[in-house]
Amino acid sequence: MRVLLIEDERRLAENVATALRDGPGFAVDCAEDGLMGLDLADNQCYDLIVLDLMLPKMDGLALLKKIRSNGDRTSVLILTAKGEPNSIVELLNAGADDYLSKPFDLGELIARAKALIRRGKGVADPVLRLADLELNTVEQTVHRSGKPVELSPMEYRILEYLIHRPRVIVSKRELLEHLYDYNWEHHSNVIEAHVSNLRRKLDAASQQPSIETLRGRGYRMVVDRQESQ
């Protein structure tokens, strides 16, 4: 999943970005002021925006109202030092999905981020299932036909992204944009290898194919005939 973090406190931004990258394995783009954050939000596709309120150039509330007025429905998690009830009500009315008051625990931030992303994709259960494939987003474990499948962190991230989009053809570019930050170009020659390894590991646990490659178009999870009916 890909996250936009808009935070001007450099040390806090570094700590949050590291936690999101090292924990759930998100790709994280960072903006240090409101205008830069707005530009990234307008021109990139994200699964979650983590937004500080006290920002230079454009404050967080104004930015939130702007992206919502632009029709952007990306889930937004607000980081705020304000605890007044009227401020929280104002944030929620402006389109915030959740908030955390500073100082906060990084583990709680990760848990809320993952919950917002699942909710944004219409998935309440942390366990994702497709045919005989089961992916636990909390434990980050994968089973196929009841057998555990050991995946590398990148293989897991690819599978989680694809399983959120059953029957959808996901292009190589889309995968790259969501698995890496905006400097993803130098990773483009390895995505085929990751998908190939992922497919091999999944197919070793079942006689049914798992991921199909549509030449020149991208990748798609295979849904068996019984599941698709």
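The values are calculated or read from the model by the stated rules, or taken from the named source; none is laboratory data. Keep in mind the model is a prediction, meaning the values are calculated, not measured. Cβ placement follows ideal geometry from the backbone for every residue including glycine, while neighbour counts extend to all protein chains displayed. Heads up: the accessible areas ignore ligands, DNA and RNA and are worked out on the full protein's heavy atoms, side chains in. Shrake-Rupley method; radii C 1.70, N 1.55, O 1.52, S 1.80 Å.
Identify, please: which residue in region 205-220 is in contact (Cβ under 8 Å) with a residue 40 or more places away in the chain and out of contact with any strand residue (DSSP E or B) (no Cβ under 6 Å at 6 or more places or on another chain) and is, among those, most open to solvent (accessible area, probe 1.4 Å)? It would help to see each step written out before you state the result.
Narrowing region 205-220 to residues in contact (Cβ under 8 Å) with a residue 40 or more places away in the chain: 205-206, 208, 210-211, 214, 217-220.
Adding the requirement that they be out of contact with any strand residue (DSSP E or B) (no Cβ under 6 Å at 6 or more places or on another chain) leaves 208, 210, 214, 217.
Numbers: Gln208: 100, Ser210: 4, Leu214: 28, Arg217: 139 Å².
If we take residues in region 205-220 being in contact (Cβ under 8 Å) with a residue 40 or more places away in the chain and out of contact with any strand residue (DSSP E or B) (no Cβ under 6 Å at 6 or more places or on another chain), then Arg217 is most open to solvent (accessible area, probe 1.4 Å).
When Met54 is evaluated against the numbered criteria (1) of a type outside the set (D, E, K, R); (2) more than 21 Å from Glu174 (Cα to Cα); (3) modelled with pLDDT of 90 or more, which criterion, by number, is the only one it fails?
(3)
Quick check, is Cys45 in contact (Cβ under 8 Å) with a residue 12 or more places away in the chain and either in a loop (DSSP other than H, G, I, E, B) or open to solvent by 60 Å² or more (accessible area, probe 1.4 Å) (or both)?
In short, yes.
Quick check on Gly71: is it part of a loop (DSSP other than H, G, I, E, B) and under 19 Å from Glu108 (Cα atoms)? Step through it out loud before you land on a result.
Working: part of a loop (DSSP other than H, G, I, E, B): yes; under 19 Å from Glu108 (Cα atoms): no.
So Gly71 does not fit the description; no.
Out of all the residues in region 106-117, is one or more closer than 16 Å to Phe26 by Cβ and among the basic types (Lys, Arg)? Give the steps one after another, and end with the answer.
The initial filter retains those residues of region 106-117 that are closer than 16 Å to Phe26 by Cβ, namely 106-117.
Of the ones still in play, those that are also among the basic types (Lys, Arg) are 112, 114.
Yes, there is a match, as at least one residue in region 106-117 is closer than 16 Å to Phe26 by Cβ and among the basic types (Lys, Arg).
Restricting region 56-93 to residues that are touching a residue at least 24 places away in the same chain (Cβ under 8 Å), open to solvent by 20 Å² or more (accessible area, probe 1.4 Å) and among the hydrophobic types (A, V, I, L, M, F, W, C), which is farthest from His178 (Cα to Cα)?
Among those residues, the one meeting the criterion is Ala81.
Which of the residues belonging to region 1-42 are among the basic types (Lys, Arg) and either assigned to a helix (DSSP H, G or I) or more than 15 Å from the chain's Cα centre (by Cα) (or both)? So that I can check it myself, show each step before the final result.
First, the residues of region 1-42 that are among the basic types (Lys, Arg): 2, 10-11, 21.
Those that are among the basic types (Lys, Arg) and either assigned to a helix (DSSP H, G or I) or more than 15 Å from the chain's Cα centre (by Cα) (or both): Arg10, Arg11, Arg21.
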